[in-house]
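The values are calculated or read from the model by the stated rules, or taken from the named source; none is laboratory data. Model, not experiment: these values are computed from the prediction. Positions of Cβ are generated from backbone atoms using ideal geometry, with glycine treated the same way; all protein chains shown enter the neighbour counts.
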Amino acid sequence: MGDPRGFMTIPRKEGGYRAKNERIYDYGEVEQTLNEEDRKLQASRCMDCGIPFCHWGCPVGSKIPEWQDSLFKANYKEAYYILHSTNSFPEITGRVCPAPCEKSCVLAIHEEAVTIRENECATVEKAFEAGAVVANPPKNRTGKKVAVIGSGPAGLSAADLLNRAGHMVTVFEKNDAIGGLLRYGIPDFKLNKGIIDRRLNLFVDEGIKFKTNATVGIDITKDELLKEYDAVVLAIGAEKPRNLEVEGRELDGVHYAMDFLTQQNKVVAGQVIPEEERILAKGKNVLVIGGGDTGSDCVGTSIRQKAASVIQIEILPKPPEKRMDSNPWPYWPNTLRTSSSHKEGCERRWSLNTKRLLGENGVVKQAELVTVEWSKGENGRWVMNEVPGTIEVVDVGLVLLSMGFTQPVHKGLLDELGVEYDNRGNVKVNEAKQTSVPKVFAAGDVEMGASLVVSAIQCGKIAAANVDAFLRGSIKKVEKEILVTA
């Protein structure tokens, strides 16, 4: 390492956020970056610990100590190549990943983990500035054709690696732009969409074909798909949101979080939404039901739309500030997470359940909430009970349902293909990510359930390796192998 003792003399330093009174008036990325010297110093804190738990904690197996050393030495081209060897688009994970690598960093034992995620983002940007990131189309083609259905992180990861392996890859996307949840699910203040477009331009130059506004099963039939392509990768995500089964759910002003976020992302991109369809928080008391990242994104978006107030509620208890003894390092810490959006002005509450929604003239006006307690039942499962006398009513003008996703949408393509489902409703796959239909594979949320962007990227890598093996007639030999990329 550049400075094996750097962690002893240099404290952790983060880039931080733009000033709140500035950022809440636009949709620009909220995170700031450190200057070049400070970034090199942060990279020097990687302590050559011998066993890189950060590598173990990273779903894509990023070779973190190696590229930290290259970053410290200002060898941005080398650092980028090491990063890119395990991740098709580290500039995106460097912005939106919750950084499980940092949680398992040895220095995290003392809450001073290396700033791996910020270092990753800075490394890629410096590589782009230096002209080190260029299109590298494959020199030879196999003649095999692969269809990737869905252009989120899993689909793009699979498409990139299959294209590099020499296959002709076509990505189908039902929406009007490529990117899946990266494009329409994550707000611009976390991920500027120009970052996606920059990478897509490279993919196009490398030979990947993209078809937007293309619903497979309608614009191209199942039979045409299976006849025209030698293999198919399903990467359509888990888009069936968990509903709120209470009285008043049908009232105007009650929307799924993803509908709200997608619409705002389209507006930022310059699209015009008809007034009668617009979901707006301006001047309203907003209730966000669900305490996860998507709920946090709803908070930040509502604030930028000039909501009168924002409350985010979670049915589970408030997490602890510090790790519990039952949740030791290097495992993921089940602790309280506070986002930039939360710091912009939001009331957060826990152990609250929504009993019903009340309205006037078909429009939501109030929400009836109740405090709940959790205890273990006889079978060891957690049981929720209402606390007597804790019912309260809050005024609301917009309710956003952010309670996660249950499974992929079965109706349409999946049912037509006849793929099997597991007991959670996800597409059932074997270790090679192969479905019950031999030439059809699945990657990402569609087969594992809703998860992290970085986990979806890894699923795309595994699927690509095995599709490549399938097309070359040797799938049984490499069911667990992962492609090594350059």
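Observations, loosely collected:
- Filtered by the rule that a residue be within 24 Å of the chain's Cα centre (by Cα) and of a type outside the set (Gly, Ala, Ser), segment 6-19 gives Glu14, Tyr17, Arg18.
- Listed conditions (1) in contact (Cβ under 8 Å) with a residue 40 or more places away in the chain; (2) hydrophobic (A, V, I, L, M, F, W, C); (3) surrounded by fewer than 17 Cβ atoms within 10 Å (Cβ to Cβ) are all met by Val204, apart from (1).
- Annotation: of all residues in segment 443-452 being in a loop (DSSP other than H, G, I, E, B) and in contact with a strand residue (DSSP E or B) (Cβ under 8 Å, 6 or more places away or on another chain), the one that is nearest to Leu413 (Cα to Cα) is Ala443.
- Among the residues making up segment 130-182, those that are crowded, with 24+ Cβ neighbours inside 10 Å and among the hydroxyl-bearing types (Ser, Thr, Tyr) are Ser151, Ser157.
- Selection within segment 415-442 - in a helix (DSSP H, G or I), farther than 23 Å from Lys144 by Cα and in contact (Cβ under 8 Å) with a residue 60 or more places away in the chain: Glu416
- Residue match in segment 379-400 (condition: touching a helix residue (DSSP H, G or I) at 6+ places or on another chain (Cβ under 9 Å), of a type in the set (A, V, I, L, M) and closer than 21 Å to Lys318 by Cα): yes
For every residue, the table says whether it meets (1) loosely packed, with under 14 Cβ neighbours inside 10 Å; (2) under 24 Å from the mean Cα position of the chain (by Cα).
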residue	(1), (2)
Gly380	yes, no
Asn385	yes, no
Pro388	yes, no
Val394	no, no
Ser402	no, yes
Gln407	no, yes
Leu414	no, yes
Leu417	no, no
Val427	no, yes
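- Scope segment 175-194; condition outside any loop (DSSP other than H, G, I, E, B) and among the aromatic types (Phe, Trp, Tyr); matching residues: Tyr184
- Test: residue in segment 195-217 that is within 23 Å of Leu452 (Cβ to Cβ), hydrophobic (A, V, I, L, M, F, W, C) and not in a helix (DSSP H, G or I): no
- If you check Pro317, Pro328, Pro333 for being loosely packed, with under 13 Cβ neighbours inside 10 Å, outside any helix (DSSP H, G or I) and either in contact (Cβ under 8 Å) with a residue 40 or more places away in the chain or within 19 Å of the chain's Cα centre (by Cα) (or both), only one passes: Pro317.
- Filtered by the rule that a residue be at positive phi and modelled with pLDDT of 95 or more, segment 36-73 gives a lone residue, Gly61.
- Counted residues, segment 130-165 - those being part of a helix (DSSP H, G or I) and of a type in the set (S, T, N, Q): 2
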